[in-house]
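Heads up, the thing below is written out as structure tokens.
The values are calculated or read from the model by the stated rules, or taken from the named source; none is laboratory data. Values in this document were obtained by computation on a predicted structure and should not be read as measured data. Glycine gets a Cβ as well: all are built from the backbone with ideal geometry, and neighbour counts include every protein chain shown.
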Amino acid sequence: MNDDVVGYVNENLARYSDWFYATSITVYVLAMLMFLGALAAARYAKLDEHAVEAELVGASVGGGSTPGDRVPGRVSGPAPRRSLGEKLAAMAYPVVWVGFVAHLASIVLRGVATDRAPWGNMYEFISLTCVACVGAGLVVLRKKDARPLLSFVLVPVVLLMFIGGRYLYTQAAPVVPALKSYWLAIHVSIISIASGVLLVAGVASILYLVRNQWPTVGAVDERSTGFGAAMRRLVDHLPSADALDRTAYKCTVIGFPLFGLGIICGAIWAEASWGRFWGWDPKETVSFIAWVIYAAYLHARATAGWRNAAAWVNVAGFVALLFNLFAINLVVSGLHSYAGL
């Protein structure tokens, strides 16, 4: 190890942190599959509902019942039960919380083990961004009918955490002298939390565009095949386009000012470390571009008739965030490369 970064590290706590990290990924995958199962089960519940309606209509036509036999507001037969999809969604939501708590424990233990803010390299930065994304999803999608959407939020989270743990993992160690500043805790944490919230907004905008591409068509034959028919059946169990648009907007309204504040804090730290507030470093440049894209989204979202175009702008911001997270740090060299992987 470089003498500049030599320091005390609690190896036991660092090992526990790694275990909690792996546990959180496993739990997230389990919850994601349960939510996807809830969406799939919703389709079959709808098929059963159509079958019951057809049976009641047939019985009425065949003389099995008369209008006088029915009581308004009351359906004959057993009391309605919760569908399999509802049960899976109800069970999956607390499972996500378990993964979220394990993920937080991983970050906290990493910080205690190294006696510093636990986001001094790419592995730790991705972990913090992902936990912020899951936390935002748990809050924004807490209503029962919206909870299955957490499956789509967990997809990028699981992928990012797998890449971070498999290819970007770094042994717990003190940071280099250039990062030994209180601005590390302020600047990086704000950027990570803002990025996590904006990732949820991006997922919501993608689903909004999918919803508009394959609008709900209740008359579609459930027996029809093909990609288009499959997509329509899936879309039929998503929240409305308006609900998805509101979710994306709410997350962006929270993440956009936080992201801007993180950029300002980074500029202040740059002045203290490098003697200038802004130097058009690749990381600074792409962060500014992403911020401008989200500003354009909010402007387009407030313009009548631009709702669909605004969603595309938000997706562009989502892509810019991912590009800034990986390509800039791993491919392009700049002043922000000293943190290593």
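Observations
- Search result, residues across region 270-283 that are of a type in the set (Asp, Glu) and within 25 Å of the chain's Cα centre (by Cα): none
- Being part of a loop (DSSP other than H, G, I, E, B), in contact with a helix residue (DSSP H, G or I) (Cβ under 7 Å, 6 or more places away or on another chain) and not basic (Lys, Arg) holds for only one residue in PRO174, PRO156, and it is PRO174.
- Residues of region 116-146 satisfying the condition of being buried (at least 21 other Cβ atoms within 10 Å of the Cβ) and in contact with a Phe, Trp or Tyr (Cβ under 8 Å, 6 or more places away or on another chain): TRP119, TYR123, PHE125, SER127, LEU128, VAL131, VAL134
- Residues of region 272-293 that are closer than 16 Å to LEU179 by Cβ and assigned to a helix (DSSP H, G or I): ALA272, SER273, TRP274, LYS283.
- PRO174 passes every criterion in (1) of a type outside the set (A, V, I, L, M, F, W, C); (2) touching a Gly at 6+ places or on another chain (Cβ under 7 Å); (3) within 27 Å of THR252 (Cα to Cα) apart from (3).
- Lone qualifier among ALA295, ALA304, ALA267 - being within 29 Å of the chain's Cα centre (by Cα) and over 19 Å from ILE191 (Cα atoms): ALA304
- TYR208 vs. criteria modelled with pLDDT of 90 or more and either over 12 Å from GLU124 (Cα atoms) or within 24 Å of the chain's Cα centre (by Cα) (or both): yes
- Hits in region 242-282 - residues which are crowded, with 17+ Cβ neighbours inside 10 Å, of a type in the set (D, E, K, R) and modelled with pLDDT under 85: ASP281
- Checked against the criteria, ILE107 does not count as touching a Gly at 6+ places or on another chain (Cβ under 7 Å), closer than 30 Å to TRP274 by Cα and at pLDDT 90 or above.
- Filter result for the condition that a residue is out of contact with any strand residue (DSSP E or B) (no Cβ under 8 Å at 6 or more places or on another chain) and without any contact (Cβ under 8 Å) to a residue 24 or more places away in the chain, over GLN213, GLN171: GLN213
- Given (1) surrounded by 14 or more Cβ atoms within 10 Å (Cβ to Cβ); (2) at pLDDT below 50; (3) among the hydrophobic types (A, V, I, L, M, F, W, C); (4) part of a loop (DSSP other than H, G, I, E, B), index of the condition ALA45 fails: (4)
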